[in-house]
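**Q** Following this message is one structure expressed as structure tokens.
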2 protein chains.
Amino acid sequence: MSDTAREELARRIAGEITLSDDPGATLRKWRTDFDISQTELAAQLDVSSSVVSDYESGRRESPGIGVIRRMVNALLAIDETRGGGHIRQFARVLSAGFESDIVHDLREYPTAVPLDRFYDAIDATEITRGKRDYVNGHTVINSIQAITRLSSEEFYRLYGQSTDRALMFTDVTRGESPLVAMRVVTPTPNAVVLHGLGEDDLWEHAPALANIDGFSLAVTNCDIETALNDLRTLS
Amino acid sequence: MSDTAREELARRIAGEITLSDDPGATLRKWRTDFDISQTELAAQLDVSSSVVSDYESGRRESPGIGVIRRMVNALLAIDETRGGGHIRQFARVLSAGFESDIVHDLREYPTAVPLDRFYDAIDATEITRGKRDYVNGHTVINSIQAITRLSSEEFYRLYGQSTDRALMFTDVTRGESPLVAMRVVTPTPNAVVLHGLGEDDLWEHAPALANIDGFSLAVTNCDIETALNDLRTLS
DNA sequence: CGGCTACTTCGGCAATTGTCGAATGGAGGG
DNA sequence: CCCTCCATTCGACAATTGCCGAAGTAGCCG
């Protein structure tokens, strides 16, 4: 495990907590993202579990950086004892040259995965079928951040090593922006998944645009972290 | 000025201070990097200057995150009143897809700059002349970080928009690693500057390798921040 | 030499933190 | 219904912080 990815993730988390308007809520966000209970975190820190709860609930307005440092290091230490999945995920995003608030995950699969299995794993409903029925990887993207911040050159880097992949856009309301963006990038991915809405909420022109560009379009409301965990079992 | 570059720089600084073994020294590092006096920072914070000095000197072992947040925001606020040079510099590095501890600066010049003027601006001594006598931009790189962390694909991204540029490697002892790295990248830049050593310290094979690959080689011991400021006047 | 600026050190003290541990509540499983 | 686990709230108190302001040092400039 690269120490530098761990260090950068630590710095990222610590910076976010320190600057947050609600540091306790931000601390809780990262703890739950790592799938760690307060009890487990407290054990790692060698404190009572009420200490963790007090901090997350905002009892102390300005905790010392010593406390924050120990909390962040404890999160990463627990992740490491579990195999380092979160550190790896963050490292993949960094090495692709993105910030983790734009790209949430970027992964190449060792073998082609049939789209049906992929959609099962993420509990997605396919709206339109595309020309290809498999994916070799995925990229999970915050759609608002991506559209407002990425240059057109950077947009292509979302493809990682292969365009034979699924792009999953999160924080989607109707799907208009991602589908319009897909109109202007060439080539298109094998699949586009819109996260955060159901069939009924989808922009009415989305299926037609997907058909024109030849990619599979799906929607899902699954829990992202759970889905990413399930995707690990595909390979 | 992009708010997101400011936010990311803030997060980066706050994370680094929070996780540091010597938070006071890290705080001082960033204050001096921004070329801000304690007196000026204290005025921005509306506290006595001894408050800033106490924190930087480590009087308090675990300052509260409220203090760190106000210090970081004050640094950026002062930078903004001066035109945002540091935020811009950080934004350039980020938008090139690098971490700022690998790439310190990356800039395209509006016009070609003669190498003589470039070397004057950074107080460098040319060791061998190359095939081209101008640069269209520069990239300032931490050589150890770059060599240990960048993939070969990422190495090419150091070129920004043009290979007609100078690559300046910092934290150099003899220059062996950067020169060896230059042997395997194609094309080579117009100039390579090794920062941190004089002619006498240079690896003996460096001039020959530069000649083979046809780039200008120079050494300098200038102050990086001063040099970057001077380079701004070239355009 | 005097004045000014930047910075350091330190005493002091009100305010806040770091943490324990008790009490309590909710959810899930046997 | 009981047990276990996770989480919250809060009183208590020793320890530390946040900051002022005084005194001092060093360097620069006229």
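**Q** Only one of these is within 16 Å of DNA strand C (Cβ to nearest atom) and either over 27 Å from A:GLY198 (Cα atoms) or in the same structural domain as A:PHE169 (by TED's automatic domain parsing) (or both): A:GLY130, A:GLY58, A:GLY83, A:GLY137. Name it.
**A** Just a single option satisfies the conditions, and that option is A:GLY58.
**Q** With surrounded by fewer than 19 Cβ atoms within 10 Å (Cβ to Cβ) and either assigned by TED's automatic domain parsing to the domain that holds B:THR226 or part of a loop (DSSP other than H, G, I, E, B) (or both) as the only criterion, which of B:ALA25, B:ALA112 stands out?
**A** Testing whether each residue is surrounded by fewer than 19 Cβ atoms within 10 Å (Cβ to Cβ) and either assigned by TED's automatic domain parsing to the domain that holds B:THR226 or part of a loop (DSSP other than H, G, I, E, B) (or both) leaves just B:ALA112.
**Q** Right, next: Would segment B:137-149 turn up any residue that is touching a residue at least 60 places away in the same chain (Cβ under 8 Å), surrounded by 21 or more Cβ atoms within 10 Å (Cβ to Cβ) and out of contact with any Phe, Trp or Tyr (no Cβ under 7 Å at 6 or more places or on another chain)?
**A** Scanning segment B:137-149 turns up at least one residue that is touching a residue at least 60 places away in the same chain (Cβ under 8 Å), surrounded by 21 or more Cβ atoms within 10 Å (Cβ to Cβ) and out of contact with any Phe, Trp or Tyr (no Cβ under 7 Å at 6 or more places or on another chain).
**Q** Also, quick follow-up: Going by the conditions given, is A:ILE13 in a helix (DSSP H, G or I), within 12 Å of chain B (Cβ to nearest Cβ), within 17 Å of A:ALA91 (Cα to Cα) and touching a helix residue (DSSP H, G or I) at 6+ places or on another chain (Cβ under 6 Å)?
**A** yes
**Q** For A:ASP120, work out the one condition from (1) more than 25 Å from B:LEU9 (Cβ to Cβ); (2) assigned to a helix (DSSP H, G or I); (3) not assigned by TED's automatic domain parsing to the domain that holds A:ARG132 it doesn't fulfil.
**A** Of the numbered conditions (1) more than 25 Å from B:LEU9 (Cβ to Cβ); (2) assigned to a helix (DSSP H, G or I); (3) not assigned by TED's automatic domain parsing to the domain that holds A:ARG132, the odd one out for A:ASP120 is (3).
**Q** Which fully enclosed helices (runs of 4 or more DSSP H) of segment B:47-108 have 1 or more residues being open to solvent by less than 30 Å² (accessible area, probe 1.4 Å), touching a residue at least 40 places away in the same chain (Cβ under 8 Å) and within 14 Å of chain A (Cβ to nearest Cβ)?
**A** Qualifying helices (runs of 4 or more DSSP H): B:65-81, B:85-95.
The values are calculated or read from the model by the stated rules, or taken from the named source; none is laboratory data. Keep in mind it's a predicted model, so treat the numbers as computed, not measured. Neighbour counts run over all protein chains shown; Cβ positions are idealised from the backbone, glycine included. Calculation scope for accessible area: heavy atoms of the full protein, side chains included, ligands and nucleic acids excluded. Shrake-Rupley method; radii C 1.70, N 1.55, O 1.52, S 1.80 Å.
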